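Colleague: Right, I'll just put the structure down here and ask away after.
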Ligand code: G6P
């Protein structure tokens with residue numbers, strides 16, 4: 001959600017901070033700010049509402065240069081988006097930036113007001129600034145004051161702090177929100193995501209829960225929650241070589257849609273044998289225990305949840321293992337019955353989504369055979385805390401609306417279904433068929449991407465629409481849900497998905513000439529049933545748009561209302577039919593003139609509840 005960057009160097013660090021903020025802006029973007037230590041050691045703070053570009057213009061009017069500084073891009077939780085709520089927040093001679101939520105902020109605020117501190121924002125972050133200042137007034141020792149303040153905080157935080165009394169030091173801490181330390185040569189950095197610092201380094205130390213650290217020009221000292229000095233290994237960031245530019249594309253989202261054949265290839269690399277899957281990649285312990293799994297619980301949020309819903313059809317349909325799929329925000333707060341030998345799977349692009357991480361931590365307390373994280377970020381909290389891991393290799397996804405992360409999650413889940421099947425004696429022909437189908441996917445997706453000109457024309461028809469229905473059956477029902485989510489996220493058109501069989505139980509009442517109905521209609525065993533549902537829409541004057549298999553005769557449908565996709569094996573068809581739906585939402589958003597990569601009110605990584 002929010003983003004943090006910090007740097008200490010012998011040169012002016014403001015350009016490093018600004019470039020870091022630009023790279024994090026996709027995560028949250030209602031205001032931004034910097035606090036920089038110039039040579040006179042009086043902190044300069046500049047803040048602005050809106051995007052990082054607004055902060056840059058504010059800095060042109062009020063330059064802030066120095067060798068040490070912290071910066072922040074905000075996604076409002078406490079207090080509306082406004083300059084006085086933007087970070088950094090200051091108290092006495094210190095400045096602080098914060099990601100996360102402090103749950104006991106009201107009680108702390110009341111106490112600090114009684115102590116005479118004056119608040120100038122509605123944020124929970126300003127409470128931390130005053131709390132550290134209060135402890136520092138008592139002790140005169142900044143590290144001790146920082147630790148004492150951390151001990152009083154309940155909730156989630158990643159923090160960075162600078163103080164005029166220690167003009168050559170950066171402090172930071174992590175609990176529940178990610179934070180990394182970047183190693184440069186004779187300079188050091190920190191950030192909430194390595195992406196922010198790839199312009200200056202590709203070596204990172206990932207702080208663990210409860211860690212706090214002190215950075216100087218020469219290096220960093222790290223302590224764990226008990227105050228014991230600890231070492232965290234410096235790891236090379238594997239995607240550092242990837243371009244984070246939009247290249248020839250108008251938006252990151254379009255670039256990421258077109259990157260899908262390559263992302264799927266990368267995700268499958270090293271995972272497939274000739275007619276089997278290489279289960280050792282899950283870890284030797286996992287490989288030996290796949291055959292013991294009797295139940296599966298899948299927990300995720302947003303688009304990742306939709307991937308889980310598709311997987312249920314595969315796992316129950318092919319392997320016969322009962323599989324339950326749930327959104328993490330519900331799962332974490334209810335009493336869950338866990339049958340013996342249940343595998344918990346969490347799915348997340350970022351690996352830092354607060355609810356998904358909480359679900360994993362809840363599950364780690366016991367009752368499960370094992371936990372598996374399917375994730376796109378190798379160093380993320382989710383991956384580090386799960387027993388087993390299955391990495392998608394989509395590369396960094398910058399567009400807030402998830403595209404290549406979703407299809408690579410589907411690929412990982414079909415791979416896992418195949419691994420489960422393989423671990424049971426029996427249907428090895430299906431194992432080989434799945435492997436062959438997975439191998440075909442990149443090429444098939446490239447062909448689906450060729451539909452773009454037709455989809456561009458189709459999108460014009462949504463210019464004045466306010467609502468859309470998406471229909472699908474079987475594993476294409478969650479694909480319809482994902483199509484509806486994409487459309488609402490970036491074009492702000494209200495969209496709902498229904499299992500087509502539910503049409504007459506309510507949504508048919510909404511159908512008229514103002515309601516486009518998008519149906520996902522591959523050639524599978526449910527096609528005839530779906531066609532009857534579509535007839536019901538046509539009979540009521542609904543504007544029907546169908547994505548269908550090229551080899552099937554579309555009785556009664558006009559060619560401009562039907563877009564044809566290649567004929568494929570049933571098992572991979574949900575992945576293929578995702579592509580035109582992504583493309584449709586992208587082009588409708590262009591028609592509507594919205595901010596495609598940074599839709600209003602949304603954030604890429606939801607690291608707070
Ligand atoms: C946010 C993003 C979605 C994403 C969801 C879950 O809502 O905007 O694109 O699907 O979080 O994120 P995760 O990183 O856990 O997959």
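Colleague: Can you name every residue in segment 19-39 that is in contact (Cβ under 8 Å) with a residue 40 or more places away in the chain, crowded, with 22+ Cβ neighbours inside 10 Å and in contact with a strand residue (DSSP E or B) (Cβ under 7 Å, 6 or more places away or on another chain)?
Modeller: Selection gives 20, 21, 24, 27, 28, 29, 31, 32, 33, 34, 35, 37.
Colleague: Given the condition without any contact (Cβ under 8 Å) to a residue 60 or more places away in the chain and part of a loop (DSSP other than H, G, I, E, B), answer yes or no: does some residue in segment 251-263 qualify?
Modeller: No, the conditions are met nowhere in segment 251-263.
Colleague: Next question. Are any of the residues in segment 346-353 closer than 21 Å to residue 288 by Cβ, buried (at least 24 other Cβ atoms within 10 Å of the Cβ), in contact with a helix residue (DSSP H, G or I) (Cβ under 7 Å, 6 or more places away or on another chain) and modelled with pLDDT of 95 or more?
Modeller: No, segment 346-353 contains no residue that is closer than 21 Å to residue 288 by Cβ, buried (at least 24 other Cβ atoms within 10 Å of the Cβ), in contact with a helix residue (DSSP H, G or I) (Cβ under 7 Å, 6 or more places away or on another chain) and modelled with pLDDT of 95 or more.
Colleague: List the number of the failed condition for residue 161; all other conditions in (1) closer than 21 Å to residue 6 by Cα; (2) not in a strand (DSSP E or B) hold.
Modeller: With (1) closer than 21 Å to residue 6 by Cα; (2) not in a strand (DSSP E or B) applied to residue 161, the lone miss is (2).
Colleague: Now for a different question. For residues that are more than 10 Å from the ligand (Cβ to nearest atom) and in a loop (DSSP other than H, G, I, E, B), scanning just segment 288-313, find the one that is nearest to residue 350 (Cα to Cα).
Modeller: 293
Colleague: Would you say residue 599 is within 22 Å of residue 462 (Cβ to Cβ) and in contact with a strand residue (DSSP E or B) (Cβ under 8 Å, 6 or more places away or on another chain)?
Modeller: No, not satisfied.
Colleague: Restricting attention to segment 164-184, and to residues there that are over 17 Å from residue 130 (Cα atoms) and not in a loop (DSSP other than H, G, I, E, B), which single residue is nearest to the chain's Cα centre (by Cα)?
Modeller: Once the filter is applied, the top-ranked residue is 176.
Colleague: Checking residue 138 against (1) within 15 Å of residue 35 (Cβ to Cβ); (2) in contact with a helix residue (DSSP H, G or I) (Cβ under 9 Å, 6 or more places away or on another chain), which test does it fail?
Modeller: Status for residue 138: all satisfied but (1).
Colleague: Then there is this: Identify the single condition in (1) assigned to a loop (DSSP other than H, G, I, E, B); (2) within 11 Å of the ligand (Cβ to nearest atom) that residue 425 does not satisfy, given that it satisfies every other one.
Modeller: It fails just one condition, (2).
Colleague: Inside segment 1-101, counting only strands (runs of 3 or more DSSP E) that do not spill past its ends, which hold 2 or more residues that are at pLDDT 95 or above and more than 14 Å from residue 126 (Cα to Cα)?
Modeller: Result: 3-8, 31-37, 44-49, 68-74.
Colleague: Among the residues of segment 404-413, is any touching a strand residue (DSSP E or B) at 6+ places or on another chain (Cβ under 6 Å), more than 11 Å from the ligand (Cβ to nearest atom) and at pLDDT 95 or above?
Modeller: yes
Colleague: What is the number of the single condition among (1) assigned to a helix (DSSP H, G or I); (2) within 11 Å of residue 382 (Cβ to Cβ) that residue 350 does not meet?
Modeller: (1)
Colleague: Going through segment 367-393 one residue at a time, which ones are in a loop (DSSP other than H, G, I, E, B) and under 12 Å from the mean Cα position of the chain (by Cα)?
Modeller: Within segment 367-393, 376, 377, 380 qualify.
Colleague: What residue, of 429, 433, is closer than 23 Å to residue 268 by Cα, out of contact with any helix residue (DSSP H, G or I) (no Cβ under 6 Å at 6 or more places or on another chain) and free of Cβ contacts under 8 Å to residues at least 60 places away in the same chain?
Modeller: When all the criteria are applied, what remains is 429.
Colleague: Looking at segment 275-286, which of its residues are surrounded by fewer than 19 Cβ atoms within 10 Å (Cβ to Cβ) and in contact (Cβ under 8 Å) with a residue 40 or more places away in the chain?
Modeller: Selection gives 275, 276, 281, 283, 285.
Colleague: Could you tell me which numbered condition residue 489 fails, if it satisfies all but one of (1) over 11 Å from residue 468 (Cβ atoms); (2) surrounded by fewer than 20 Cβ atoms within 10 Å (Cβ to Cβ); (3) at pLDDT 80 or above?
Modeller: Exception for residue 489: condition (2).
Colleague: Across segment 325-345, which residue is surrounded by the most Cβ atoms within 10 Å (Cβ to Cβ) among those that are closer than 22 Å to residue 412 by Cβ and within 19 Å of the chain's Cα centre (by Cα)?
Modeller: By that ranking, first place goes to 345.
Colleague: Follow-up question, since we're still on this one. Taking residue 418, is it within 16 Å of the ligand (Cβ to nearest atom), part of a helix (DSSP H, G or I) and over 30 Å from residue 207 (Cβ atoms)?
Modeller: no
Colleague: Regarding residue 373, is this residue touching a strand residue (DSSP E or B) at 6+ places or on another chain (Cβ under 6 Å) and without any contact (Cβ under 8 Å) to a residue 60 or more places away in the chain?
Modeller: Here the answer is yes, as residue 373 does meet what is asked.
Colleague: Just one of the numbered conditions (1) assigned to a loop (DSSP other than H, G, I, E, B); (2) free of Cβ contacts under 8 Å to residues at least 40 places away in the same chain; (3) within 16 Å of the ligand (Cβ to nearest atom); (4) farther than 23 Å from residue 235 by Cα is not true of residue 401; which one?
Modeller: (2)
The values are calculated or read from the model by the stated rules, or taken from the named source; none is laboratory data. Everything quoted here is computed from the prediction, not taken from an experiment. All Cβ positions, glycine included, derive from the backbone under ideal geometry; neighbour counts span all protein chains shown.
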